[in-house]
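Worksheet: one structure, shown below.
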Amino acid sequence: MSEQDGAPVVTYEVRGPVAVVRLNRPEYTNAQNSKVTYALDAAFTRAVNDNDVKVIVLGGNGEHFCGGHDIGTPGRDIDQSFERKAVIWYDHVDKEGVDSRFARESEVYLGMCRRWREIPKPMIAMVQGACIAGGLMLAWSCDFIIASDDAFFSDPVVRMGIPGVEYFAHPWVMNPRAAKEFLYTGARLSAQRAEALGMVNHVVPRADLETEVMATAERIAEMPRLGLALTKKAVNQAEDLMGMRSGMDSVFGLHHAAHAHNAEVGKDSLAGLDARGMAAANKKAAGEGDEA
Ligand code: ZN
């Protein structure tokens, strides 16, 4: 069933103590529109509220985990309002310029990813194929990543004149020098290289990805709920003491200076690059291959 036929943009299933949440726009490389981020938020809330769920797995249906934020599918919905479950900012609709853009990105990008990172249950990202830009934000919001051997990661938004995606975890999930090369080039980071840099915990054959992730999730689920929740908070607090939270706040301002600059001097806040334009530019820079 396709999206046009009413398929849900996010699927949810419970297998024993594990909730499996999957992006479900495979025909658009699971691009995230607001409908998707609110559906993810609802799915995670459901998993948190279910006392029988101990661990959450986040994956994507189809060839790719996630090709990024929706900057060009028929389901792009940046002008729509959704019911906000948590107050992060005011609604962006019927506002102009930064008043709208900052509100929307505070809510559906940085704000939601931060809240998801704080979910008091372990979360594993199960990544195959492309994990690009906004896709990184989802994978990085999880506690760790298990990737298939064909997975690759990239953040090419510097091509828009913007210093990386809104959830700016790059210097913390890999080392700062690797983060600079990753951002400066926009090039694909292979699963194997991502593992060597510590960004990915394990790389497994594509055919074994789900089995390996579920085995890890079930092993984690044997630990006591409170022990897991407090341990997650302990590591997150340590990460924030390494400056991640305040670093992200400072970079979010730079990110919006870049969007505003683009809108001021060009035709839109994305430097005129839609999904097709980005894919073509990335392909040209790589000198070969297909860019998701
Ligand atoms: Zn942005």
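Of all residues in region 54-73, count the ones that are open to solvent by 10 Å² or more (accessible area, probe 1.4 Å) and farther than 16 Å from Pro156 by Cβ.
So the count comes out to 5.
Would region 23-31 turn up any residue that is touching a Phe, Trp or Tyr at 6+ places or on another chain (Cβ under 6 Å) and either part of a helix (DSSP H, G or I) or open to solvent by less than 30 Å² (accessible area, probe 1.4 Å) (or both)?
Looking for residues that are touching a Phe, Trp or Tyr at 6+ places or on another chain (Cβ under 6 Å) and either part of a helix (DSSP H, G or I) or open to solvent by less than 30 Å² (accessible area, probe 1.4 Å) (or both), one finds none in region 23-31, hence no.
Only one of (1) surrounded by 14 or more Cβ atoms within 10 Å (Cβ to Cβ); (2) aliphatic (A, V, I, L, M); (3) modelled with pLDDT of 95 or more fails for Val235. Which number is that?
(1)
For a quick check of your reading: which strands (runs of 3 or more DSSP E) sit entirely within region 131-228 and have at least 1 residues that are open to solvent by less than 10 Å² (accessible area, probe 1.4 Å) and either in contact (Cβ under 8 Å) with a residue 12 or more places away in the chain or of a type in the set (Ser, Thr, Tyr) (or both)?
144-148, 152-154
Conditions first: (1) more than 21 Å from Met160 (Cβ to Cβ); (2) of a type outside the set (S, T, N, Q); (3) outside any helix (DSSP H, G or I); (4) within 16 Å of the ligand (Cβ to nearest atom). Ile56 passes all but one, so which condition is the exception?
Ile56 satisfies all of (1) more than 21 Å from Met160 (Cβ to Cβ); (2) of a type outside the set (S, T, N, Q); (3) outside any helix (DSSP H, G or I); (4) within 16 Å of the ligand (Cβ to nearest atom) except (4).
Report yes if Asp249 is over 22 Å from Phe153 (Cα atoms), without any contact (Cβ under 8 Å) to a residue 40 or more places away in the chain, within 16 Å of the ligand (Cβ to nearest atom) and in contact with a helix residue (DSSP H, G or I) (Cβ under 8 Å, 6 or more places away or on another chain), otherwise no.
no
If Val235 satisfies every condition in (1) touching a His at 6+ places or on another chain (Cβ under 8 Å); (2) β-branched (Val, Ile, Thr); (3) over 20 Å from His64 (Cβ atoms) but one, which is the exception?
Result: Val235 fails condition (1) only.
Here is a check on your reading of the model: is Arg76 within 16 Å of the ligand (Cβ to nearest atom), closer than 19 Å to Val36 by Cβ, open to solvent by 50 Å² or more (accessible area, probe 1.4 Å) and part of a loop (DSSP other than H, G, I, E, B)?
Taking the combined requirement at face value, the residue satisfies it.
Filter region 264-282 down to residues that are touching a residue at least 24 places away in the same chain (Cβ under 8 Å) and open to solvent by 40 Å² or more (accessible area, probe 1.4 Å), then give me how many there are.
So the count comes out to 4.
If I filter region 81-89 for residues that are open to solvent by 60 Å² or more (accessible area, probe 1.4 Å), outside any loop (DSSP other than H, G, I, E, B) and either within 25 Å of Val157 (Cβ to Cβ) or β-branched (Val, Ile, Thr) (or both), do I get at least one hit?
Checked region 81-89: no residue is open to solvent by 60 Å² or more (accessible area, probe 1.4 Å), outside any loop (DSSP other than H, G, I, E, B) and either within 25 Å of Val157 (Cβ to Cβ) or β-branched (Val, Ile, Thr) (or both).
Quick one: is Leu270 within 16 Å of the ligand (Cβ to nearest atom) and either of a type in the set (Ser, Thr, Tyr) or at negative phi (or both)?
Taking the combined requirement at face value, the residue satisfies it.
Looking at Trp89, Trp140, which is the one that is away from the ligand (no atom under 15 Å from the Cβ) and either at pLDDT 95 or above or farther than 19 Å from Lys233 by Cα (or both)?
Just one listed residue meets the conditions, Trp140.
Please verify whether Arg245 is basic (Lys, Arg), within 22 Å of Glu13 (Cβ to Cβ), modelled with pLDDT of 95 or more and surrounded by fewer than 18 Cβ atoms within 10 Å (Cβ to Cβ), treating the condition exactly as stated.
no
Out of region 100-120, which residues are away from the ligand (no atom under 16 Å from the Cβ) and either in a strand (DSSP E or B) or open to solvent by less than 10 Å² (accessible area, probe 1.4 Å) (or both)?
Across region 100-120, the qualifying residue is only Trp116.
Among the residues of region 29-43, is any at pLDDT below 90 and of a type outside the set (Phe, Trp, Tyr)?
no
Before we move on, is Leu254 more than 23 Å from Arg22 (Cβ to Cβ), within 16 Å of the ligand (Cβ to nearest atom) and either among the hydroxyl-bearing types (Ser, Thr, Tyr) or crowded, with 16+ Cβ neighbours inside 10 Å (or both)?
Judged against the criteria, Leu254 is not a match.
The values are calculated or read from the model by the stated rules, or taken from the named source; none is laboratory data. These figures come from a predicted structure and were not determined experimentally. All Cβ positions, even for glycine, are placed from backbone atoms using ideal geometry, and neighbour counts span all protein chains on display. Ligands, DNA and RNA are stripped out before the accessible areas are found, and what is left, the full protein with its side chains, is counted by its heavy atoms. Shrake-Rupley method; radii C 1.70, N 1.55, O 1.52, S 1.80 Å.
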